[in-house]
1. In region 87-127, which residue that is among the polar types (S, T, N, Q) and outside any helix (DSSP H, G or I) is farthest from E65 (Cα to Cα)?
2. Give the residue, chosen from T80, T63, that is part of a helix (DSSP H, G or I) and under 17 Å from T150 (Cβ atoms).
3. Working only within region 144-175, note down all residues that are under 18 Å from Q69 (Cα atoms) and aromatic (F, W, Y).
4. Taking the stated definitions as given, is P90 in the same structural domain as H46 (by TED's automatic domain parsing) and within 24 Å of E52 (Cβ to Cβ)?
5. Output the number of the condition that V77 fails; it satisfies all remaining conditions of (1) over 22 Å from A64 (Cβ atoms); (2) in contact with a helix residue (DSSP H, G or I) (Cβ under 7 Å, 6 or more places away or on another chain); (3) buried (at least 18 other Cβ atoms within 10 Å of the Cβ).
6. I need every pair where a residue in region 47-68 that is over 15 Å from K79 (Cα atoms) has its Cβ under 7 Å from the Cβ of a residue that is surrounded by fewer than 18 Cβ atoms within 10 Å (Cβ to Cβ) and polar (S, T, N, Q), sequence separation at least 6 or different chains.
Amino acid sequence: MLAHGTNDGNDGHGNLRKSDRVNIIRAMSKPKHVSETPATVFLRRHGVAFTEHPYDYVEHGGTAESARQLGEDEHRVIKTLIMEDENAKPLVVLMHGDCKVSTKNLARQIGAKAVSPCKPEVAQRHTGYLVGGTSPFGTKKTMPVYVEETVLAFDRIVINGGRRGFLVGLDPKSLTALLGAKPVQCALAD
């Protein structure tokens, strides 16, 4: 047994000092920080205020799972979809988590003959992100961005921050201001 007052982090009886217990509690209560992603670098570089929302990623859990874990309304959790037109030109669609995209309506509104989802490996090549961790911010390739018009009516949304299991909360005006996102009306109830 070590003598009382030694610098081993305890009180001489194997118990942590009160100051050490307080520091452990503080460390445990701090929100989990996620390392930088191309999306967060992009947002910081443009001076966008955002909040970080890490959660436990579940394969095929989608926005329903992230909304459940974070206590968010799934309609405010915005999914980033990488699609392509009839010429295989990629585009980004930002949609409410609880809705699907009417590709027919979208194609008509953007002047394309057809729009369809990209294959996962093609989406990853265009964005630099893994499917399930795709953010519209900081993509590898610049692509046109379309956002469901009603998303812009919110004061705050939650959207992927560039990594599976990581969302960021921000003002949806950032979508139009930084990405030039064009409003469309192509939501279908899921």
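The values are calculated or read from the model by the stated rules, or taken from the named source; none is laboratory data. The structure presented is a predicted model; accordingly, all values stated were derived computationally and were not measured. In this analysis, Cβ positions are derived from the backbone assuming ideal geometry, glycine residues included, and neighbour counts consider all displayed protein chains.
1. Result: N87.
2. T63 is the lone residue from the list that is part of a helix (DSSP H, G or I) and under 17 Å from T150 (Cβ atoms).
3. Matches in region 144-175: F166 only.
4. No; evaluated as a whole, the condition is false for this residue.
5. Going through (1) over 22 Å from A64 (Cβ atoms); (2) in contact with a helix residue (DSSP H, G or I) (Cβ under 7 Å, 6 or more places away or on another chain); (3) buried (at least 18 other Cβ atoms within 10 Å of the Cβ) one by one, V77 breaks only (1).
6. From residues that are over 15 Å from K79 (Cα atoms), the pairs are Y55/Q69; D56/Q69.
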